[in-house]
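In what follows, a structure is listed as structure tokens, so that the remarks can point back to it.
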Amino acid sequence: MSDLTANIAKANAYLARFKEGGVQNLIAGQSQPALAGASFENHSPVDEDFLCTVAQSGAEDIDAAARAAHDAFPAWRDMPAAKRKKILHKIADAIEARAEEIAFAECLDTGQPLRFMQKAALRGAENFRFFADRAPAARDGQSLPSPTLMNVTTRVPLGPVGVITPWNTPFMLSTWKIAPALAAGCTVVHKPAEFSPITARILAEIAHEAGLPEGVWNLVNGFGEEAGKALTEHKLIRAIAFVGESKTGSMIMRQGAESLKRVHFELGGKNPVIVFDDADLERALDAAIFMIYSLNGERCTSSSRLLLHRSIAGAFIDRLVARVNNIKVGHPLDPNTEIGPLIHKEHFDKVCSYFQIAQKDGATIAAGGKAPQGKGHYVQPTLFTNATPDMRIAQEEIFGPVLTTLTFESEEEALEVANGTDYGLTAYVWTQDITRAMRFTGALEAGMIWVNSENVRHLPTPFGGVKASGIGRDGGDWSFEFYMEQKHIGFALGAHKIPRLGA
Ligand code: NAD
């Protein structure tokens, strides 16, 4: 039996219970269908085969979950942090123990290749351990004495929060948002993406089996415009941590305005990788390819615009074309696959539409540009050349294995092109000139920048974007800043003069 056949058999065994029983909500520790009885079907991007039914929740399910989170909050908030830390480590242990199941489910549900998903579960466990270890110090504050008062600060958890996640690497992203919320002492209502519900369910089950009290973490499935919208509008929900498209972020801000929601947005990107002529071109090539063609190009931090110094552009593009044509597209459970099928027909159509847009606008398709015949949402890894910065392929987030190359003559021009989009999530700079690197990174409009490196995530560092790419930061203590409220308390040191009115 080949590796692929064996992996498919294993994945089907893991998913059999969902095929049979569907993906239900988990509210106050109880598995339940949507209260109105509605459900929708979830199909695999690999072959469009039926995977499972999913609870199609509405405002009444969100209300039940928000109330459960509200009721569970005081006890979770007041639980000694050392005990919360222990539970979060137990969740991490269980994620590691079920890493294969999580990876296989994620591959079939999202189309992401196994070579990347194998690490997704372990990264999820790491997120829980990182924030678990920080839980005991989360409430620490400062002492800021004045002549008359001993002023102290402390942080308190916000209360029940809503977490809304997208379909790209859904398992990892869910842990990334939920672990710090729980460590801070908040309770959670999670609305995962409708296109990829399975691993969110496994994760919530793991949390309960690890001893998380009922109601602390509630899972409500459904569509964005129904369940998602209701969550952003619910009065008991104090904040929304959202990962998804920029235009959805705007909608959520409007929806949450009435109840004055605090929001944290991790949104889209059109991230530049800028290669100067003095760079280590071998490493720059590897990194540029990795950052756009890994994870099916469905990653917010992908380097979707390649800016090349004109003198090196021709030779660099020749090598790029050869490598792109050599990338292996295939079944996500094949260990050799580098690009799997895109998540959904809708998204597949969107990505493919850019092949025509590129040609219509006058760019060249130097590699790929087609969808192979047959079942599944497969597209060829694609490279656009002869593009100009104002073209749609250089401005819009395509969110697939599609790279647009641009050229520049001077550092000033490179900066103008790099900053010339609505987005500002990440940027990647390749140069051996340290002075130029410092000058250039200082002027780049991006929340995260790597010099002579691909994106290497280090959990204590801030993660987030500027402009249309987001509001707020995750990582390190920044996550707690979002999920907690600063509180100031002033203690009088003596009988200072109090202004007397009406005396
Ligand atoms: P999306 O915005 O369509 O959906 C994300 C989530 O929002 C889903 O759960 C969806 O159901 C929900 N939603 C949709 N409409 C809603 C509404 N009106 N109210 C409340 N919830 C609503 O995004 P997607 O297509 O699932 O994901 C891809 C996008 O996510 C890309 O733009 C990508 O760049 C972005 N992303 C950003 C980061 C980051 O860290 N900046 C990370 C991953 C993905």
For this session: Scan segment 71-84 for residues that are part of a helix (DSSP H, G or I) and surrounded by fewer than 19 Cβ atoms within 10 Å (Cβ to Cβ) and report the count.
Result: 8
Exercise. Across segment 378-401, what is the number of residues that are at positive phi and either polar (S, T, N, Q) or not in a loop (DSSP other than H, G, I, E, B) (or both)?
Worked result: 1
Seminar exercise, completed: The condition from (1) touching a residue at least 60 places away in the same chain (Cβ under 8 Å); (2) within 16 Å of the ligand (Cβ to nearest atom) that residue 353 misses is numbered (1)
Problem set entry | One residue from 164, 178 being in contact (Cβ under 8 Å) with a residue 60 or more places away in the chain, crowded, with 16+ Cβ neighbours inside 10 Å and β-branched (Val, Ile, Thr) | 164
Exercise. Hey, residue 432 hits all of (1) farther than 30 Å from residue 341 by Cβ; (2) outside any loop (DSSP other than H, G, I, E, B) but one; which does it fall short on?
Worked result: (2)
Problem set entry | Residue count for segment 254-292, restricted to those that are assigned to a helix (DSSP H, G or I), away from the ligand (no atom under 16 Å from the Cβ) and not small (Gly, Ala, Ser) | 7
For this session: Restrict the check to segment 461-482 and report whether at least one residue is out of contact with any Cys (no Cβ under 8 Å at 6 or more places or on another chain) and surrounded by fewer than 12 Cβ atoms within 10 Å (Cβ to Cβ).
Result: no
Exercise. So which residues in segment 391-417 are over 23 Å from residue 430 (Cα atoms) and surrounded by fewer than 17 Cβ atoms within 10 Å (Cβ to Cβ), if there are any at all?
Worked result: 392
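Residues are listed down the side, and each one gets a yes or a no for (1) surrounded by fewer than 12 Cβ atoms within 10 Å (Cβ to Cβ); (2) modelled with pLDDT of 95 or more; (3) more than 25 Å from the chain's Cα centre (by Cα):
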position	(1), (2), (3)
10	no, yes, yes
13	yes, yes, yes
24	no, yes, no
29	no, yes, yes
51	no, yes, no
61	no, yes, no
For this session: Enumerate the pairs (first residue in segment 51-73 and in contact (Cβ under 8 Å) with a residue 12 or more places away in the chain; second residue anywhere and among the aromatic types (Phe, Trp, Tyr) and assigned to a helix (DSSP H, G or I)) with beta-carbon separation below 8 Å, excluding pairs fewer than 6 apart on the same chain, so at least 6 apart or on different chains.
Result: 51/18; 52/18
Seminar exercise, completed: Of the residues in segment 213-227, those that are more than 16 Å from the ligand (Cβ to nearest atom) and crowded, with 23+ Cβ neighbours inside 10 Å number 3
Seminar exercise, completed: Taking segment 282-295 and keeping only residues that are closer than 15 Å to residue 432 by Cβ and in contact (Cβ under 8 Å) with a residue 40 or more places away in the chain, one is left with 283, 284, 287
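The values are calculated or read from the model by the stated rules, or taken from the named source; none is laboratory data. The structure presented is a predicted model; accordingly, all values stated were derived computationally and were not measured. Heads up, the Cβs are rebuilt from the backbone with ideal geometry, glycines too, and the neighbour counts pull from every protein chain shown.
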